[in-house]
Amino acid sequence: MHLTCPECKNDVDLARYPGLADNQAVECQMCGITLLVTDTSTDEVQAEILDEGK
Ligand SMILES: [Zn+2]
């Protein structure tokens, strides 16, 4: 599985989230933003920005 941060365009480390599911919040390690996973049905995980963070 693979998730590109919509904010900073870096790869989010999904190894921290075993059993990733739809509607799960994940954090981008690069920019610290919180993302809400919207689609895990394909290898290219989709997510939207949940919290602009710091
Ligand atoms: Zn990011």
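Every read-out reported here was derived from the displayed coordinates using simple, explicitly stated rules and does not represent laboratory data. Bear in mind that the values here come from a model prediction, so they are computed numbers and not experimental data. Every residue, glycine as well, gets a Cβ built from its backbone with ideal geometry; the counts of neighbours run over all protein chains shown.
When the stretch 4-33 is filtered for residues that are surrounded by 15 or more Cβ atoms within 10 Å (Cβ to Cβ) and either within 10 Å of the ligand (Cβ to nearest atom) or part of a helix (DSSP H, G or I) (or both), the ones remaining, listed by number, are THR4, CYS5, GLU7, VAL12, LEU14, GLU27, CYS28, CYS31, ILE33. Of all residues in the chain, which are out of contact with any Gly (no Cβ under 9 Å at 6 or more places or on another chain), free of Cβ contacts under 8 Å to residues at least 24 places away in the same chain and of a type in the set (D, E, K, R)? Matches in the chain: LYS9, ASP11, ASP13, ARG16, ASP22, ASP39, ASP51, GLU52.
Sort out which residues of the stretch 40-51 are assigned to a strand (DSSP E or B) and surrounded by 12 or more Cβ atoms within 10 Å (Cβ to Cβ), and write them in order of number.
Residues of the stretch 40-51 assigned to a strand (DSSP E or B): 44, 46-51.
Hits for the stretch 40-51 are GLN46, ALA47, ILE49, LEU50, ASP51.
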